[in-house]
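Remarks on the structure that follows.
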Amino acid sequence: MDTPFRIGTRGSPLALTQANMVRALLAEATGGEPGDFAIVPIRTTGDRVQDRPLAEIGGKALWTKELDRALLEGEIDCAVHSMKDVETHRPPAIAIAAILERADVRDRLLGAVSIDALPHGARIGTSSPRRAAQMRHLRPDLAIVPFRGNVDTRIARLSANEADATLLAAAGLERLGRDDVGNAIPLEQMLPAPAQGAIGIEVRADDAAARALVARIDHAVTHACVMAERALLAALDADCHSPVAALARIADGRLTMRAELFSEDGAAHVAGEASGDDVTVATRLAQDLLARAPAAVRARFGG
């Protein structure tokens, strides 16, 4: 390449690790060198503001808006995101060109060997409405305390006794070489956030060359599953306050999705599953869940 292809990313250790994964895959796919691809760190509002839950200060856009601006203004050629942090509705000028093969979708519990092993009244550090509601549903005695920051920050806060336990995505820990930290929570006990464990790459929608380049590292099965989970969020009219967990999988060409919706306090919930040949599974499942959901659950969704 005459000039490096510029890969935009947040500046956290995990984000930089993920951007370097993308760079290595692009170099391999093109037969080029890593130096053909430049990492461009961009500091986001979500990185700067660490003392309040995202839902209180603007939601997922805090992770994406600065990268969106840099992409649309031509400062970078693509942007790398953890897909669970990307808003459901994206600007039409931006396209999701590729999603990498998904890693472990589970959450890991730090501070105890299992949820059942947590002492009565234990303080759980999390700022995720989904994780807070799930933990309260499983253990109504638990106390939720706000907990934000990157992986090392949250581990340090846990070590400083600001909480008795916390939860982190297994995929992020593994990418940082920390897969020995915490204990994985079975999916039968706790479904993940929609798109958890998936890395996405966005480009300008009208940049055909960038779209074609990035598409070379797309993982079709992961892409289809993540887009189905995002379609569920859209059909639910979910936002950053909505406690929703979902996981789509494809086997023998058939897509199956499980999902759960919760009230904010976790006391009420509804679960369901649907299968089909395409993304319309998400719409059917959303309609079924909202039809059966208690009023306390529907209050956080489009029903």
Q. In a shell of Cβ-Cβ distance under 10 Å around Gly111, excluding Gly111 itself, what net charge do Lys and Arg (+1) and Asp and Glu (-1) give?
A. 0
Q: Springs between alpha-carbon atoms under 10 Å, Gaussian network over the chain: tell me which of Pro192, Pro34, Pro119 tops the mean-square fluctuations.
A: Pro119
Q.
Compute the helix-to-body angle for 129-138: its Cα long axis versus the longest principal axis of the chain, expressed 0 to 90° and rounded to tens.
A. 30 degrees
Q: Report, to the nearest 10°, how far helix 220-236 tilts away from the longest principal axis of the Cα atoms in the chain, using its own Cα long axis and a range of 0 to 90°.
A: 50 degrees
Q: Would you kindly work out the equivalent ellipsoid of the chain from its C-alpha gyration tensor and give its semi-axes, the square roots of five times the eigenvalues, largest first in whole Å?
A: 31, 23, 17
Q) Can you give the charge dipole size of the chain about its Cα centre, rounded to the nearest 20 debye, using +1 on the beta carbon of Lys and Arg and -1 on the beta carbon of Asp and Glu? A) 600 debye
Q: Output the Kirkwood hydrodynamic radius of the stretch 107-184, Cα pairs only, in Å rounded to one decimal.
A: 12.4 Å
Q) On a 0 to 90 degree scale, rounded to 10, what angle separates helix 280-292 from the longest Cα axis of the chain? A) 20 degrees
Q | Volume per residue of the C-alpha convex hull in the stretch 169-228, rounded to whole Å³ | A | 110 Å³
(Q) Run through the stretch 162-203 and list the GluC sites (Glu not before Pro) located in a DSSP loop whose Cβ has at most 11 other Cβ atoms within 10 Å. (A) Glu188
Q | log₁₀ of I(q)/I(0) at q = 0.10, 0.15, 0.19 Å⁻¹ - the stretch 130-240, Debye sum with one point per alpha carbon | A | -0.43, -0.88, -1.21
Q) What does the helix-only formula give at 222 nm for the chain: each DSSP H stretch with n ≥ 4 adding -39500 (n - 2.57), the total divided by the residues, and the result rounded to the nearest 500 deg cm²/dmol? A) -10000 deg cm²/dmol
Q: Could you calculate the contour length gain from Arg216 to Ala117, that is, 0.36 nm times the residue separation minus the distance between their Cα atoms, to one decimal place in nm?
A: 31.1 nm
Q. Over the C-alpha atoms of the stretch 232-298, what are the Rg and the largest Cα-to-Cα span, Dmax, in Å?
A. 11.9, 38
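Values in this text are rule-based calculations from the coordinates and carry no lab data. Quick caveat: nothing in here was measured; it's all calculated off a predicted structure. Cβ atoms come from the backbone with ideal geometry, glycine included; neighbour counts cover every protein chain shown.
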